[in-house]
Amino acid sequence: MSEMSAPQPALPLADSVPPRKRYRRKGRYRSDHLLLAEMIEPNSKVLDVGCGDGDLLQLLETRGVDGRGIELSREGVNHCVAKGLAVVQGDADTDLVNYPDDAFDYVILSQTLQATRQPKAVLENLLRIGSRAIVSFPNFGHWKMRLQLLIGGHMPRTDNLPATWYDTPNIHFCTIKDFVQLCDEINVRMERAVALDLYGRPLRFNAPWWFWNMFGEQGVFLLSRAEKIR
Amino acid sequence: MVNVQPIPGPAHAEDRALEADHPTSKVAMFTGDQPLPLDCGIDLAPFQIAYQTYGELNAGKSNAVLVCHALTGDQHVANVHPVTGKPGWWITLVGPGKPLDTDRYFIICSNVIGGCMGSTGPASTNPVTGKVWGLDFPVITIPDMVRAQAMLIDRLGIDTLFAVVGGSMGGMQVLQWCAAYPQRVFSALPIACSTRHSAQNIAFHELGRQAVMADPDWRDGRYVEQGTHPHRGLGVARMAAHITYLSDAALHRKFGRRMQDRELPTFSFDADFQVESYLRHQGSSFVERFDANSYLYLTRAMDYFDIAADHDGVLAAAFRGTRTRFCVVSFTSDWLFPTSESRATVHALNASGARVSFAEIETDRGHDAFLLDVPEFFDIARAFLESAGHSRGLTADE
């Protein structure tokens with residue numbers, strides 16, 4: 001019970017974790033969140049890995065989903081707790097192993113896969129913990145990315161991925177094609193795949209893979225285990 | 001002879017002795033027909049629980065919050081302490097407009113069984129012999145403390161607690177409440193604690209107990225009858241323990257190698273360094289308000305604590321099916337109850353499907369941070385309680 005030190009200032013609490021810039025909103029929700037939410041059956045149990053400010057979890061809870069979150073940043077956790085969400089401060093790379101098998105109906109990894117140290121292990125864990133996984137990631141095969149590298153000769157930067165190569169948290173970029181290949185390799189079934197444009201709107205459904213890989217700004221995948229992977 | 005400066009004896013010994021049987025608090029008496037069944041197999045009766053309350057219980061009795069105090073805390077959370085005259089130990093968190101808002105919640109804090117501030121413990125008078133219990137008092141556990149608190153809550157006519165809140169040993173009680181009475185706890189805020197006491201922590205407690213028992217004034221625990229008090233042993237125990245509540249960085253920031261009221265070393269065992277002087281002050285102010293035997297019993301209770309052991313070694317089994325909302329909090333520089341312990345608790349709660357939030361607060365102030373002014377911790381506590389209050393239907397005017 002010491003009163004030995006002067007009051008210590010808290011870390012500055014940002015008003016919110018900055019949202020990705022261009023997202024279209026329908027009402028109060030981001031359009032890509034609405035798309036994710038639509039993939040989830042009502043009243044299921046969901047873990048959102050890298051849940052940020054908890055906007056998606058909040059949307060899901062309005063639909064009767066029992067939601068939980070993991071978030072790396074303390075500010076993000078604070079915001080989530082303030083919203084009444086059940087969110088744990090933690091790291092996708094190290095903490096997923098502690099969750100029991102089949103604990104959730106869905107595990108969501110939204111815009112986080114490219115920032116993990118071991119994307120393959122993370123993906124495997126997602127499908128161990130959940131019956132299904134929903135993974136979204138920025139597509140590095142998008143024509144703007146390709147053009148910047150081809151013509152500009154520098155690492156691509158976009159409005160949604162503005163960090164420079166030396167300070168980006170995104171260490172494992174992939175293209176939609178790469179991701180599909182990984183899913184095949186680890187025996188994951190793709191139940192649904194959607195490519196979104198720069199504004200978070202789905203591209204047309206009947207487009208071929210190469211078209212998605214070229215014009216999809218991000219890929220969203222609903223995955224399940226093809227068979228017992230354990 | 002080299003100058004030495006022993007820890008001075010307690011100035012308020014009589015006040016403290018009086019508080020053990022006749023506390024400056026509300027008291028719930030439990031007579032022979034309402035014994036407290038202890039883990040050691042003994043039914044303790046009669047016994048009493050001393051407690052403080054703040055705020056008003058609403059008509060629906062849905063706004064009651066139980067605050068559980070730490071090892072050397074007591075029920076005087078937010079009022080002037082009757083022995084030391086100092087402010088309550090958690091006025092940073094509890095009060096009007098504070099995260100534990102006394103304008104909204106009915107806040108209860110009771111002295112733990114085995115304590116020395118009015119709940120029955122080794123410093124109380126044994127009704128059979130008419131003498132102070134001393135070491136005749138049965139060894140108690142954290143579950144015993146919680147069982148006694150549940151009897152108090154029954155006595156107050158409260159069925160479900162809106163929240164159970166506590167840090168350190170208080171946090172252990174919070175977790176025990178959730179394991180033993182899940183249906184009676186709407187939300188739980190265990191802070192800087194663990195579901196089991198680590199080997200290192202048991203080791204530090206043993207050091208403290210041995211320091212007390214090595215003091216010749218301890219007299220095999222019968223110091224009250226023999227008119228002594230092992231204040232030097234207890235003071236040393238407190239000094240050692242207090243180091244574990246801080247951190248290297250906090251000690252360095254506050255004291256460094258600075259000298260106390262002098263420029264040069266005195267070449268003696270006087271308190272040359274500020275940090276020595278500070279620790280001696282911690283030791284001597286502690287013995288004024290605390291009973292040495294009570295310190296032995298309460299440290300022992302923490303040592304025995306292991307929720308998983310009561311559930312076949314599976315921690316998650318202790319919380320299976322719980323509907324309580326949890327918010328677990330740890331502090332980065334706490335090495336007594338490090339974040340890894342809180343994470344283990346969180347993993348078990350997750351595995352049992354509990355609704356759990358977890359935040360690790362960045363601070364260099366060590367284990368003691370939960371008692372100090374750490375705004376980021378208050379933000380989390382406030383946010384958690386407000387959202388839980390919303391779910392419970394508690395509005396601001398209740």
Measuring from centroid to centroid over Cα atoms, what is the spacing of the range B:264-305 and the range A:95-157 in Å? 53
In degrees from 0 to 90, rounded to the nearest 10, what is the angle of the helix B:274-289 Cα long axis to the longest principal axis of chain B? 70
Nearest 10, in degrees from 0 to 90: the angle of helix B:199-214 to the longest Cα principal axis of chain B is 50
Please arrange B:Val329, A:Val122, B:Val314 by counting, for each residue, the other beta carbons lying within 10 Å of its beta carbon, fewest first. B:Val314, A:Val122, B:Val329
Give the residue from A:Phe179, B:Ser198, B:Leu135 lying farthest towards the positive end of the charge dipole for the protein assembly as shown; charges sit on Cβ (+1 for Lys and Arg, -1 for Asp and Glu) and the dipole is referred to the Cα centre. A:Phe179
So how do B:380-388, B:115-123, A:159-167 stack up, highest first, on mean other-Cβ count within 10 Å? B:115-123, B:380-388, A:159-167
For the protein assembly as shown, the charge dipole (Cβ of Lys, Arg +1; Cβ of Asp, Glu -1; about the Cα centre) points to a positive end, and the Cα of A:Leu126, B:Val80, B:Ser277 closest to that extreme belongs to A:Leu126
For the range A:178-193 and the range B:115-145, what is the separation of their Cα centres, given in Å? 65
Span from the the range B:202-257 Cα centroid across to the the range B:23-41 one, whole angstrom: 29
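Would you order B:Asp136, A:Asp93, A:Asp32 from fewest to most other beta-carbon atoms within 10 Å of each residue's own beta-carbon? Each step should come with its number before you reach the end.
On the way: B:Asp136 13, A:Asp93 16, A:Asp32 24.
Lowest to highest Cβ neighbour count: B:Asp136, A:Asp93, A:Asp32.
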Using a 10 Å cut-off around each Cβ of peptide B:358-365, what is the average number of partner chain Cβ atoms that fall inside? 5
Setting aside same-chain residues fewer than 8 positions from A:Lys45, which aspartates and glutamates have a Cα under 17 Å from its Cα? A:Asp55, A:Glu61, A:Asp66, A:Asp101, A:Asp102, A:Asp105
Of the listed pairs A:Lys83/A:Lys144; B:Lys61/B:Lys131; B:Lys26/B:Lys98; B:Lys98/B:Lys131, those with alpha carbons more than 32 Å apart are A:Lys83/A:Lys144; B:Lys61/B:Lys131; B:Lys98/B:Lys131
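Within 10 Å, Cβ to Cβ, of A:Ile108, how many net charges do the neighbouring residues add up to if Lys/Arg are +1 and Asp/Glu are -1?
Numbers: positive: A:Arg132; negative: A:Asp48.
After counting each charged neighbour, the total is 0.
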Spatially proximal aspartates and glutamates relative to B:Lys254 (Cα-Cα < 17 Å; intrachain offsets below 8 disregarded): A:Glu3, B:Asp272, B:Glu276, B:Asp334, B:Asp364, B:Asp368, B:Asp373
Quick one: angle between helix B:169-180 and the longest Cα principal axis of chain B, in degrees between 0 and 90, rounded to 10, please. 30
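At a 10 Å Cβ-Cβ cut-off, how would you order B:Phe378, B:Phe331, fewest neighbours first? Walk me through the intermediate numbers first.
On the way: B:Phe378 17, B:Phe331 31.
Final ranking by Cβ density, sparse to dense: B:Phe378, B:Phe331.
So for the range B:13-392: antiparallel DSSP bridges make up what percent, rounded to the nearest 5? Numbers along the way, then the final one.
Working: 14 of 40 bridges.
Around 35 percent antiparallel, to the nearest 5.
Taken together, the values in this text are just the output of simple stated rules run on the coordinates, not laboratory data. Because the structure is predicted, anything quoted here is derived from the model rather than measured. Cβ sites come from the backbone with ideal geometry, for glycine too, and all protein chains shown count toward neighbours.
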